[in-house]
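The values are calculated or read from the model by the stated rules, or taken from the named source; none is laboratory data. Please read these numbers as outputs of a predicted model, since none were measured by experiment. Methodologically, a virtual Cβ is constructed for each residue, glycine included, from the backbone with ideal geometry; neighbour enumeration extends over all protein chains shown. In case anyone asks, the SASA skips ligands and DNA or RNA and just uses the protein heavy atoms, side chains included. Shrake-Rupley method; radii C 1.70, N 1.55, O 1.52, S 1.80 Å.
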Amino acid sequence: MELIHRPRRLRRTDALRRMCRETRMSPDSLIYPIFIDETLSGVRPIPSLPGQNHYGLDSVNQAVEECLAHGVTHCMLFGLPGAKDACGSSAWAEKGVIQQAVRAIKSAHPDFYVITDVCLCEYTDHGHCGILHGHEVDNDETLDVLAKVAVSHGLAGADMVAPSDMMDGHVAALRQALDGAGFRHIPIMAYSAKYASAFYGPFRAAAGSAPSFGDRRGYQMDPHNRKEALRECALDAEEGADILMVKPALSYLDVIRECADAFDQPMCAYSVSGEYAMIKAAAAAGLVDERRVMCESAVAVFRAGADMLITYFAKELADAIRQGEIG
Ligand code: PBG
């Protein structure tokens, strides 16, 4: 057979395949979510997320050291406060759970990069991401509160803030407040295209943040929409977002690709709790090879255009990259 083009030539050996790869990954682009429970001392496994833990304030640096042992140097912090109220006031308390955790991490590991999730759902007694008027979240009143939360994280020493509330104007509100407080250098990673997703289920069980009534469809995006994601990214970019994010990841690869192509800000993707839990459950049932499915899923997100990935598999992925299984 006289074939000019034989794509298989470049697939023959591992060395060749590795040289020709189009998608490159690095542990530097992985961000690991850490849950800190103000009421806990020590470490407690999270039932909805097999292999993940809640850490007490006395154990946050254990979580950090576990990351460092795998070469993971970036985290995203989520807090479970000791007390909740209607306006989520524990979210901006000087001695709130996140503020204490950031101080503890930064004093022991100043170079470990700490991103804080800025939202109210873990701190409100109704579980919504903002201030309620009746059964609706009031956008502009919520912005004032989110701005206070972001500044309190800055005061504690957070390296970056990540608003996940999906309020209109949230990046502008945070940027103005951070700049006013002298934190011009703190970047904002905006959860720009965050969908109202059933894939957040295990996280809400872990963070105790499920809404007590209704759902989040009044502020998070409708999964049917694609152009709206571009609009949300454009608004966040105009408001000064330094990094844009699409969330969840695996069911929204098309959105990641389009947003990555359309904007010049770095693009983050969040491989959410349900994505992790499904792989864990399928592997526990003997249905799939956990390691390979984990790797293939992460490669897909980067191939789609993400520059960085928030994932509960960060430590295992860093190992897989180092060991040459991917990347
Ligand atoms: C807070 C927040 C959520 C997640 C990240 N930040 C939950 C939600 O919006 O209900 C989900 C993360 C995950 O599922 O892993 N608003």
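So here's what we get for this one:
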{"read-out": "Every residue from region 26-50 that is open to solvent by 20 Å² or more (accessible area, probe 1.4 Å), touching a helix residue (DSSP H, G or I) at 6+ places or on another chain (Cβ under 7 Å) and touching a residue at least 24 places away in the same chain (Cβ under 8 Å)", "value": "S26, P27, E38, S48, P50"}
{"read-out": "Pairs where the first residue, in region 190-215, is more than 9 Å from the ligand (Cβ to nearest atom) and the second is among the aromatic types (F, W, Y), C-beta under 7 Å, 6+ apart", "value": "Y195/Y252"}
{"read-out": "Looking only at region 98-124, and only at residues there that are surrounded by fewer than 24 Cβ atoms within 10 Å (Cβ to Cβ) and aromatic (F, W, Y), the one that is farthest from the ligand (Cβ to nearest atom)", "value": "F112"}
{"read-out": "Which numbered condition V293 fails, given (1) open to solvent by 20 Å² or more (accessible area, probe 1.4 Å); (2) not in a helix (DSSP H, G or I)", "value": "(2)"}
{"read-out": "Residue match in region 219-230 (condition: open to solvent by less than 50 Å² (accessible area, probe 1.4 Å) and farther than 22 Å from G274 by Cα)", "value": "yes"}
{"read-out": "Region 263-280 - residue that is away from the ligand (no atom under 15 Å from the Cβ) and out of contact with any Asp or Glu (no Cβ under 8 Å at 6 or more places or on another chain) and, of those, most open to solvent (accessible area, probe 1.4 Å)", "value": "D264"}
{"read-out": "Residue selected from region 158-188 under the condition over 22 Å from Q100 (Cβ atoms) and of a type in the set (A, V, I, L, M), by the criterion farthest from the ligand (Cβ to nearest atom)", "value": "A172"}
{"read-out": "Residues satisfying the stated conditions in region 141-150, i.e. open to solvent by less than 80 Å² (accessible area, probe 1.4 Å) and not hydroxyl-bearing (S, T, Y)", "value": "E141, L143, V145, L146, A147, V149, A150"}
{"read-out": "So D138, is it without any contact (Cβ under 8 Å) to a residue 12 or more places away in the chain and either open to solvent by less than 60 Å² (accessible area, probe 1.4 Å) or of a type in the set (F, W, Y) (or both)", "value": "yes"}
{"read-out": "Any pair with Cβ under 9 angstrom, 6 or more apart, that starts in region 115-129 at a residue that is at positive phi and ends at one that is charged (D, E, K, R) and more than 7 Å from the ligand (Cβ to nearest atom)", "value": "G127/K84"}
{"read-out": "Entirely in region 169-278, the strands (runs of 3 or more DSSP E) that have 1 or more residues that are among the acidic types (D, E) and under 16 Å from the mean Cα position of the chain (by Cα)", "value": "none"}
